[in-house]
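Here the structure is laid out as structure tokens; the discussion comes afterwards.
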Amino acid sequence: MFFGEKLKKEREKRGWSQVDLAEKIHVSRQSVSKWETGKNYPSIEVIIDLSDLFGITIDELLRSDEELKEKVIQDSKQLAHPKWKAFFDGVFLLGVFLLVLKLLILGLHHLFGATIMIPDGLPKIISNFLPLALMVIGGIGSDSLKKKYIDE
């Protein structure tokens, strides 16, 4: 029996509507509906609340649903290098910011004839390709770290 079927069975056993259950665990009725139809899964905190509410073990709720078990396992993992991931995310965002700024300057120059000077000491290749380079470096670095977790 999958999680959604188990949840619905336990709810109906008590004569509760989806609204009743939602109110008891402080979520929306739509969330309960999505869980019961398998369109979404609750967080581990909600699973614990459901276990307590129904008086059944978490194992009884999770055991038969491989997809939910995998979600709970992934949710419980911690990134191995969260500060480096944040750094690479920041590098990527800096690249995006510089690219938008460059496009804004080009747009102002093209539409209004505004002349915004780039400092003479700055090589043209840096001003042209730095945003792209930062986005690529940040994206690759962040992506390579997003799947590295602490082994416990």
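The values are calculated or read from the model by the stated rules, or taken from the named source; none is laboratory data. Just so it is clear, the structure is predicted and the values come from calculations on it, not from any experiment. Note that we place each Cβ from the backbone using ideal geometry, even for glycine, and neighbour counts take in every protein chain shown.
Checking residue 93 against (1) outside the structural domain of residue 11 (by TED's automatic domain parsing); (2) in contact with a Lys or Arg (Cβ under 9 Å, 6 or more places away or on another chain); (3) of a type in the set (A, V, I, L, M): exactly one of these is not met. Which one?
(2)
Look through the stretch 26-47, keep the residues that are within 15 Å of residue 6 (Cβ to Cβ) and aliphatic (A, V, I, L, M), and return whichever of them is surrounded by the most Cβ atoms within 10 Å (Cβ to Cβ).
32
Report yes if some residue within the stretch 56-65 is among the acidic types (Asp, Glu), closer than 30 Å to residue 26 by Cα, at pLDDT below 80 and assigned to a helix (DSSP H, G or I); otherwise report no.
Here is the first cut: in the stretch 56-65, the residues among the acidic types (Asp, Glu) are 59-60, 65.
Imposing the further condition that a residue be closer than 30 Å to residue 26 by Cα reduces the set to 59-60, 65.
Remaining after also requiring at pLDDT below 80: 65.
With assigned to a helix (DSSP H, G or I) added as a condition, the list becomes none.
No, because not a single residue in the stretch 56-65 is among the acidic types (Asp, Glu), closer than 30 Å to residue 26 by Cα, at pLDDT below 80 and assigned to a helix (DSSP H, G or I).
Which one of the conditions (1) touching a helix residue (DSSP H, G or I) at 6+ places or on another chain (Cβ under 6 Å); (2) surrounded by 13 or more Cβ atoms within 10 Å (Cβ to Cβ) does residue 60 fail to meet, given that it meets all the rest?
(1)
Does residue 113 satisfy being over 28 Å from the mean Cα position of the chain (by Cα), exposed (fewer than 13 other Cβ atoms within 10 Å of the Cβ), at pLDDT 90 or above and farther than 26 Å from residue 136 by Cα?
So residue 113 does not fit the description; no.
If I filter the stretch 1-25 down to residues being touching a residue at least 60 places away in the same chain (Cβ under 8 Å) and outside any helix (DSSP H, G or I), which single residue comes out as surrounded by the fewest Cβ atoms within 10 Å (Cβ to Cβ)?
Here the residue is 1.
Closer than 30 Å to residue 141 by Cβ, among the hydrophobic types (A, V, I, L, M, F, W, C) and either in a helix (DSSP H, G or I) or not assigned by TED's automatic domain parsing to the domain that holds residue 134 (or both): does that describe residue 47?
Values: closer than 30 Å to residue 141 by Cβ: no; among the hydrophobic types (A, V, I, L, M, F, W, C): yes; either in a helix (DSSP H, G or I) or not assigned by TED's automatic domain parsing to the domain that holds residue 134 (or both): yes.
Taking the combined requirement at face value, the residue does not satisfy it.
Yes or no: residue 32 in contact with a Leu (Cβ under 8 Å, 6 or more places away or on another chain) and in a helix (DSSP H, G or I)?
Judged against the criteria, residue 32 is a match.
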